[in-house]
Each structure stands twice: as structure tokens, then as C-alpha cells.
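A.B. asks: Quick one: structure below, then a few questions.
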Amino acid sequence: MSNDNYNIMYFFGQLFFKCYLFFKKSRYKSHENNHVYHPCPYNDIEVNNVTDLLSLTAVFIMLFFLGMSILKVGLYQLSFEKMQFLLTKFTQNIYLGIITGIVTTAILQSSSLIMVLTIGFVSIGFLTFKQSIGIMFGANIGTTMTGELLTFTFIPEISFVIVGAIMLLINNRIIFGVGAIVFGLGTIFVSLEGFESLSYYITQMPALSQTISFTSSEPKIGVLVGAVVSAIIQSSSATIGITMSFLNEEILQLTPSIAIVLGANIGTCFTSVLAMIGSKREAKLVGMAHIWFNIIGVLLFLPFLSWLTDIAEILAVDPKQQLAHISVLFNILTVLIFLPFIQLFEAFIRLLHSTK
């Protein structure tokens, strides 16, 4: 192992040790009202304005992306070639395409990556636009597995980070891949605890607390919030993770949280827009189909937010699980609604975005 690799591992070790101290010290109970407060553990840092809060939030978002990136590296090492084979070979009909999209997205933990690959394969002629529709439907369902993963409460994040870091030092592709997965999962959960540790300060910032209060009184605004945030940070998973943390700390209510998750489905389409740039006209249809599919799906369910809330409360007691389960249900129902109209949907996309 080179000195550079050891220096990198030392850097990550210091980073996570400090983050671990942050989260463990950031919770104490007030004996006056039995409420859990979240002070910043660093004596030199005071979270007393929006700038400080946004800076710390940015750190935790970067930690989340770091974890997702390392997790994807591990999954890539273990299965990427098989995923390419599945995408190009098991899409003969819409149902196989949906299953392929679910499996590949659940394994690679990124619907955006699957859509970028699909647009690329259509662009070079490996897939047709019609075949890509099934993969797109499946990818929307498969990406909800990330939300389910984030509901786990028994993962010892610091242990995952340490064990994963040790495995990354071993010069074996399989062990390295598993280590990257373990290290990535630990990082993701460290970042989620970070979001929860900032929840107290959010309630103390008038501008932010008023915005949250507004989404509670007008839950449908949450769709716009979810779409914008997801488009900016280029990750529906991160958006859902942040929403789960705030929901768990009772900063957000369930109904606007569900609206934010619906909006995140639209915002993540921005990646498809970027992937379309410079692609052939047939490949651009895939990106536009992805956008329209998510917009129509959200518009169909938006009037029934209260019903979705009632169903979520029936499905689970834990707030995180409620949000994760309703996300799965929403995407499955959207696909089932679209299935009988595949031909019409394809014709609709071609009509609006003609390749002629």
C-alpha cells in the first residue's frame, strides 16, 4: 500500500472520528421539559444564523454523497458488468424491462445512473426507445429501496466505517467491493444523524421555521420544494434522507413530507435532461419520457395527499418507515396505472417530441 493511500485513509479516519464525536455529543436531554436538544458540540462553533446552518447542512450533504459514491463503487466492483448485461439482454418486453429496471436500480442504488446508462444505450443503438420505457418504470420502483434502507435503525454506523475502511486496504476485488459497500453505508448513516442533530436549530431560525409552517398549512407546496432541492443536489435519495431526518425530529409533518418525496421524483429527472445533451434524437425521447412519466404520476396523486397520509399511517408506526413505504406504494401504483397505456404513452412522447 502506497503512502498516498495511507494518507487518504488517515484523512477519512480523522473526518469520521470528528463526525462521530459531533453526533454523540450533539444530543442531551433537558430535565426541565424532557425535550431532546441538539447543541453543536464544538465549543468554537455557534450555530446562530442561517449561514452557519447552511454550511453545516452542506457538510452533511457532502458526507451523504461521499457515502453514496463509495457505496456505488463497491456495487460497481461486484456487479456492474452483470448490470450492463441485464440492461441490454433482458428487455425484450415491457414486463422484463420493468423487472430489469427494478433489479439494476436496487443493486446500483441509483435511478439516475440507470437512466444515464439507458439513454446511452439507446443513443448507440443497443436499446430501442420502447425497450427503455420498461427500464424507466422499473428504475422508479427500484430507487425506493434506498428509502427503505434509510429506515434501518440498528446499523452501528461507526463500526461500519471502521470495518469498511480496513477492508478497503485489502488488495482483493471482492473484499474491496464489500468494504466499499460497508464503508459507504456507514457514511450515509453518519450524515443522516448529522441532519437530525441540526433539527433544533432549524426550529430556532424564523425564516426556516416559517417556511416549514407554510408547507404544513399548504402541503402541496412540498412538491415544489422536493423538485427544486432534488434538482439542485442531483439526488432524490439525499432529498428523501433529509426529509426523513426532519420528519423523525417532528420538524416536518407527514403530509408535506410525502409531497416533498413526490416532488423529488420530478427533480431527479434533471439528470436525464443533462444526459440528453448531445445525444441522438431517439435517446432524447427517453429523457423526455422520464420527465413526463414523473410529472403525470405526481399530478395524478397530488389531489389525494390526505389519503396517502392515512395509508402511510396504516402501513407503519415509525415516521421514517411511513415515508419509505408510501414512496414504494406511490411508484408501484404509478407504474400499474401506466401499464395499460404503454402504446399511447409512447405515441404521446413521439408526438410532442418528434424525431423527424
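The values are calculated or read from the model by the stated rules, or taken from the named source; none is laboratory data. Bear in mind the structure is a predicted one, so any value in this text is a computation, not a measurement. Don't worry about glycine lacking a Cβ; one is built from the backbone with ideal geometry, like all the others, and counts go over all protein chains shown.
A.B. asks: Working carefully through the options Leu96, Leu150, find the one that is over 19 Å from Met244 (Cβ atoms) and either touching a residue at least 24 places away in the same chain (Cβ under 8 Å) or touching a Lys or Arg at 6+ places or on another chain (Cβ under 6 Å) (or both).
C.D. replies: Being over 19 Å from Met244 (Cβ atoms) and either touching a residue at least 24 places away in the same chain (Cβ under 8 Å) or touching a Lys or Arg at 6+ places or on another chain (Cβ under 6 Å) (or both) holds for just one of Leu96, Leu150, which is Leu96.
A.B. asks: Taking helices (runs of 4 or more DSSP H) that fall entirely within the range 289-356, which contain at least 1 residues that are more than 21 Å from Val223 (Cα to Cα) and not hydrophobic (A, V, I, L, M, F, W, C)? Steps first, please.
C.D. replies: Working: elements: 305-315, 319-338, 342-352.
It comes to 342-352.
A.B. asks: Continuing with this model, one more query. Assess whether Thr211 counts as being under 23 Å from Gly142 (Cβ atoms) and at pLDDT below 85.
C.D. replies: no
A.B. asks: Checking the conditions here, which among Thr268, Thr309 is more than 22 Å from Ile232 (Cα to Cα) and touching a Ser or Thr at 6+ places or on another chain (Cβ under 8 Å)?
C.D. replies: The conditions single out Thr309.
A.B. asks: A follow-up question, please. Looking at the range 306-323, is at least one residue of a type in the set (Gly, Ala, Ser), touching a residue at least 40 places away in the same chain (Cβ under 8 Å) and either under 15 Å from Ser112 (Cα atoms) or in contact with a Gly (Cβ under 7 Å, 6 or more places away or on another chain) (or both)?
C.D. replies: no
A.B. asks: Would you mind finding the one in Ala312, Ala259, Ala283, Ala324 that is at pLDDT below 90 and not acidic (Asp, Glu)? I'd like the intermediate steps shown before the answer.
C.D. replies: Values: Ala312 fails: at pLDDT below 90; Ala259 fails: at pLDDT below 90; Ala324 fails: at pLDDT below 90.
Exactly one residue qualifies, and that residue is Ala283.
A.B. asks: Scan the range 51-84 for residues that are modelled with pLDDT under 65 and surrounded by fewer than 15 Cβ atoms within 10 Å (Cβ to Cβ) and jot them down.
C.D. replies: Glu81, Lys82, Gln84 - these are the residues of the range 51-84 that are modelled with pLDDT under 65 and surrounded by fewer than 15 Cβ atoms within 10 Å (Cβ to Cβ).
A.B. asks: Scan the range 124-140 and report the pairs whose first residue is under 15 Å from Leu96 (Cα atoms) and at pLDDT below 85 and whose second residue is among the polar types (S, T, N, Q) and part of a helix (DSSP H, G or I), with Cβ atoms within less than 8 Å and a gap of 6+ or a chain change.
C.D. replies: Cβ pairs passing all conditions: Leu127/Thr88; Leu127/Thr118.
A.B. asks: State yes or no: is Ala264 touching a helix residue (DSSP H, G or I) at 6+ places or on another chain (Cβ under 9 Å) and of a type in the set (Gly, Ala, Ser)?
C.D. replies: Criteria met by Ala264.
A.B. asks: Check off (1) surrounded by 14 or more Cβ atoms within 10 Å (Cβ to Cβ); (2) under 21 Å from the mean Cα position of the chain (by Cα); (3) modelled with pLDDT of 90 or more; (4) closer than 24 Å to Leu252 by Cα for Leu299 and give me the number that stays unchecked.
C.D. replies: Every condition holds for Leu299 apart from (1).
A.B. asks: Which members of the range 123-150 meet the condition of being farther than 24 Å from Gln321 by Cβ, among the β-branched types (Val, Ile, Thr) and crowded, with 24+ Cβ neighbours inside 10 Å?
C.D. replies: Selection gives Ile133, Ile135.
A.B. asks: Being under 16 Å from the mean Cα position of the chain (by Cα), in a helix (DSSP H, G or I) and of a type in the set (Val, Ile, Thr) is the requirement here; does Val261 meet it?
C.D. replies: Yes; evaluated as a whole, the condition is true for this residue.
A.B. asks: Ok, one more. Could you check the range 91-106 and list, in sequence order, the residues that are modelled with pLDDT under 75 and touching a Gly at 6+ places or on another chain (Cβ under 8 Å)?
C.D. replies: Thr91
A.B. asks: Name the pairs: first residue in the range 232-250 and assigned to a helix (DSSP H, G or I), second residue among the polar types (S, T, N, Q), Cβ to Cβ under 6 Å, at least 6 apart or on different chains?
C.D. replies: Qualifying pairs under 6 Å: Ser236/Ser230; Ser236/Thr268; Ser237/Thr146; Thr239/Ser230; Thr243/Ser257; Leu247/Ser257.
A.B. asks: Another question, if that's okay. Could you tell me whether Trp307 is at pLDDT 90 or above and either among the basic types (Lys, Arg) or out of contact with any helix residue (DSSP H, G or I) (no Cβ under 8 Å at 6 or more places or on another chain) (or both)?
C.D. replies: Yes: the conditions hold for Trp307.
A.B. asks: While we're on this one: Of the residues in the range 165-181, how many are assigned to a helix (DSSP H, G or I) and in contact (Cβ under 8 Å) with a residue 24 or more places away in the chain? Break it down stepwise before answering.
C.D. replies: Going residue by residue through the range 165-181, those that are assigned to a helix (DSSP H, G or I) are 165-168, 173-181.
Next cut, in contact (Cβ under 8 Å) with a residue 24 or more places away in the chain only: 165, 168, 173-174, 176-181.
Residues that pass the stated criteria total 10.
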